[in-house]
Every structure is written in structure tokens, then in C-alpha cells.
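Presented below is the structure to which this report refers.
The values are calculated or read from the model by the stated rules, or taken from the named source; none is laboratory data. The structure presented is a predicted model; accordingly, all values stated were derived computationally and were not measured. Quick reminder, even Gly has a Cβ in these numbers, built from the backbone with ideal geometry, and neighbours come from all protein chains shown.
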Amino acid sequence: MGGNMALTRTDEMELLTALHDGLHETPRWSSFLERLRRRTRADYASLIFSQGQAPIHRATQVHAGRDVRARAHELEELARLDPIPYERLRPGRVYAPEELIDPTDPRHDRFRREYLHRIGIGHGRFMRVTEPGGTSAWAVLLRDKENFTASDGAVLAALQPHLSIALRNFAVLERERLRAHVSEDVLRRAGLAWAVIGGDGAVQLSSSAAGPLLTATGARISAGSVEAERRLARIAELFTAQPDAPPQIAPLDDEEDGALIALPIAEKPLTAPAMPAYAAVARLPRALDNRHARLLAARHGLSASEAGLALALARGRSIAEAAATLRLSLETARNYSKKIYAKTGTRGQADLVRVVLDSVTLLA
């Protein structure tokens, strides 16, 4: 099914503006879907996004109207009978379920009678939308009673190029969101926090782990002394005047590590209310626990007790102090330490500290 009818001026104002703005809504595209649902007199309008091999009744959806998928979980066995090859549908073509459900096929007929009818689906129109990165989405309109008209299908078909652009933007945003989340998590596990500082010394953007260390957006870093505050101000002035200046060190008197590093920002935004001057990076306090001990044991073939002792020694404790903390006799701790040095290929505690602190096991 399909149609070449162009969107009316009212459709363009009502639907397209909401579609383009929908990426910034919560939930996303809620206004667009509600307007589309009203425009086509549907009981339900949705965008369903592919998620790898997940079946369509489990894939992410945003919808307006009655949530026809609300019972999909309790009707899982019937939902799995869905015979429609959603991933192979021709992009941009509007389909009706009866085109793809064969009433003479017992499985198809059972899906229609026992699933679709039970969740209140009598009629539908759906269209696959794709984007260059390989993501698919389906625009779906459903009704219980009266069938859709050719005009309803034509509206959906006319939206295809606009939906494709919206999907492409959404897919890029989701990939960048995943990249940012993984980067944030790895830096947090590595014990690092960062903030982007403007020429006025105010924090413009910061990592979620920065917390009070690098203060909230719009505030200035609390350096702990007048001289340290002046040093930060001079650094902001330096990077504002000389964006490619070499890294600088700034003391933070209130912090245990005592300093942050100021780095140049190579990639400046093309537009911003205020341009960034530099990136501030600081160490976060890190607690080494059983997660790290377990991975350290697996990495070097240590026993649980040996791994616990290795972490204690890596924290700078003496063998006697570590033995007391771990409730080991001094003799046992010394024997363990010899095994640890042998298994890790280290020549003593100083070398062990280097190996442990450089190990990826501490990123757990």
C-alpha cells in the first residue's frame, strides 16, 4: 500500500514541527505521535526501534494512545507467533497486516485470533524506516474497530523521508550517548574526574564523577587558598589567549592529591554561549576492594589471600601492617609475599606497587 498525496500545510505545521522537535522531548516524540494518532484517528500510534535481535514486541517503543503492548509480556508465547518479517519489509512502503498474515496458515491465524484480537488490534498500518548506519524503526498505526483509509496510509507514506532523517539523528545521538557513558564509566573506575573551564574560570561541563571536586556547572573551582585561586585565574587567562598552551599544574590545597592538571582543548565547539578555555583533570579517591582482588587473582594466578595481601602492599602498607589488617601471622604474610613476587614477576614491594597500580584489574 502507499500514496503520493503530499502533506497539507496544516500537516506540515502540526506533524513535521513536532517530529523535528521530538528528539528533545521526554518521552521522545510524544507530541508528534499524539498529533499523528489524532490525524489518522488511530487508537495507537508508535515508533518502534530495532534492538539487535529483539522481537518487535520487546523492542523499544514510544507511543501515543492505548498501549496495545501492555499485555505482550503475559501473552509472550502468542506474541512470538508473529509471522511478519519486519526487518525485511521494504523501507517507505506502507503495509496492512492482512497483506502479510495468511489466514490459511494455522500459525498466522492463531496469532491473529488469539493475540491481535485479545490486545484489541483489528486494523493496522505500518512502515519500516531506515537510516545509513543500519538502524531500523517502524511507524505503526492501530485501530480496534474501523479500518484505515487510503488517506491515512498516504499520510504515513509522506512522512517517510522526514522519519528517516529523525531516525538518523536519533541513531547518531544514541551512539554518542553510549560512547559518553562508557567513557565516563571507565574514567570513573580509573579514578579520574574532568571539567571544561571557560575563560572566566567557571565550570561549563563536567564528568558525572566530578561531584564537589570540580564543583557544579556555572561555579568556579574551589582551590582552597587565595594564591591557588589566583593560579587558576592565570591558567584560564593563559588558555584563553593561547589555546594550544602546554599543560599546566594547579594546586588544590583542600584536596588529598593536592593538584589538578589543566589541558588544552583541541576540538572547540562550533557554537557555544561561552567558549571553553581548558580541560581540568583531577584524581578521585579510589577504594580497592574484593572486585579488584578477584581480578588480580585471576590475572596472576594468586589465591584470594595472596591477592588481598598484594592490594594491601600496593596501597603502601608494610607487610606487618598488611598482615594485621588481613588477620594473618607475620610469617604467613611473608610467605605469601614471596609467592606474590614470584607469580607477578616483581622484585619487591616497590615493583609490585607499579604492577598493581598499572594493572587493568583496577578498572573494575
*So is L362 at pLDDT 95 or above and under 39 Å from the mean Cα position of the chain (by Cα) or not?*
no
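Being in contact (Cβ under 8 Å) with a residue 24 or more places away in the chain and assigned to a loop (DSSP other than H, G, I, E, B) is the filter here; which residues of segment 273-288 pass it?
The first filter runs over segment 273-288 and keeps only residues in contact (Cβ under 8 Å) with a residue 24 or more places away in the chain, leaving 274-286, 288.
If the condition is that a residue be in contact (Cβ under 8 Å) with a residue 24 or more places away in the chain and assigned to a loop (DSSP other than H, G, I, E, B), then A274, M275, L284, P285, R286, L288 are the ones that fit.
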_L167 being touching a strand residue (DSSP E or B) at 6+ places or on another chain (Cβ under 6 Å) and over 20 Å from I261 (Cα atoms)_ = yes
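Within segment 325-333, does at least one residue satisfy the condition of being assigned to a helix (DSSP H, G or I), within 38 Å of the chain's Cα centre (by Cα) and under 23 Å from R291 (Cβ atoms)? Outline the logic, then answer.
Residues of segment 325-333 that are assigned to a helix (DSSP H, G or I), as a first pass: 325-326, 330-333.
Among the residues that remain, those that are also within 38 Å of the chain's Cα centre (by Cα) are: none.
Scanning segment 325-333 turns up no residue that is assigned to a helix (DSSP H, G or I), within 38 Å of the chain's Cα centre (by Cα) and under 23 Å from R291 (Cβ atoms).
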*Scan segment 133-145 and report the pairs whose first residue is under 15 Å from E87 (Cα atoms) and assigned by TED's automatic domain parsing to the domain that holds S30 and whose second residue is of a type in the set (S, T, Y) and assigned to a strand (DSSP E or B), with Cβ atoms within less than 7 Å and a gap of 6+ or a chain change.*
S136/T130; V140/S46
*Within segment 104-118, which residues are in a loop (DSSP other than H, G, I, E, B) and either of a type in the set (G, A, S) or closer than 19 Å to I56 by Cα (or both)?*
H117, R118
*asked:* Of everything in segment 289-306, what is buried (at least 19 other Cβ atoms within 10 Å of the Cβ), in a helix (DSSP H, G or I) and of a type in the set (A, V, I, L, M)? Give them in sequence order.
replied: A293, L296, A297
*Among the residues of segment 66-106, count how many are in contact (Cβ under 8 Å) with a residue 60 or more places away in the chain, within 18 Å of G122 (Cβ to Cβ) and touching a strand residue (DSSP E or B) at 6+ places or on another chain (Cβ under 7 Å).*
4
_segment 4-17, residues that are under 20 Å from G92 (Cα atoms) and either surrounded by 18 or more Cβ atoms within 10 Å (Cβ to Cβ) or modelled with pLDDT under 90 (or both)_ = N4, M5, A6, L7, T8, D11, E12, L15
*Within segment 122-159, tally of residues that are surrounded by fewer than 19 Cβ atoms within 10 Å (Cβ to Cβ), touching a helix residue (DSSP H, G or I) at 6+ places or on another chain (Cβ under 9 Å) and assigned to a loop (DSSP other than H, G, I, E, B)*: 6
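Being of a type outside the set (S, T, Y), touching a residue at least 40 places away in the same chain (Cβ under 8 Å) and either part of a helix (DSSP H, G or I) or surrounded by 14 or more Cβ atoms within 10 Å (Cβ to Cβ) (or both) is the filter here, so list the residues in segment 30-57 that pass it.
Taking segment 30-57 and keeping what is of a type outside the set (S, T, Y), we get 32-39, 41-43, 45, 47-49, 51-57.
If we keep only those that are touching a residue at least 40 places away in the same chain (Cβ under 8 Å) too, we end up with 36-37, 39, 41-43, 45, 47-49, 56.
Selection gives L36, R37, R39, A42, D43, A45, L47, I48, F49, I56.
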_When you scan segment 318-334, do you find a residue that is among the hydroxyl-bearing types (S, T, Y) and crowded, with 20+ Cβ neighbours inside 10 Å, even just one?_
no
*Does any residue in segment 290-303 that is more than 17 Å from Y336 (Cα to Cα) come within less than 7 Å, Cβ to Cβ, of a residue that is surrounded by fewer than 16 Cβ atoms within 10 Å (Cβ to Cβ) six or more places away or on a different chain, and which pairs are these?*
R291/A364; H292/A364; L295/A364
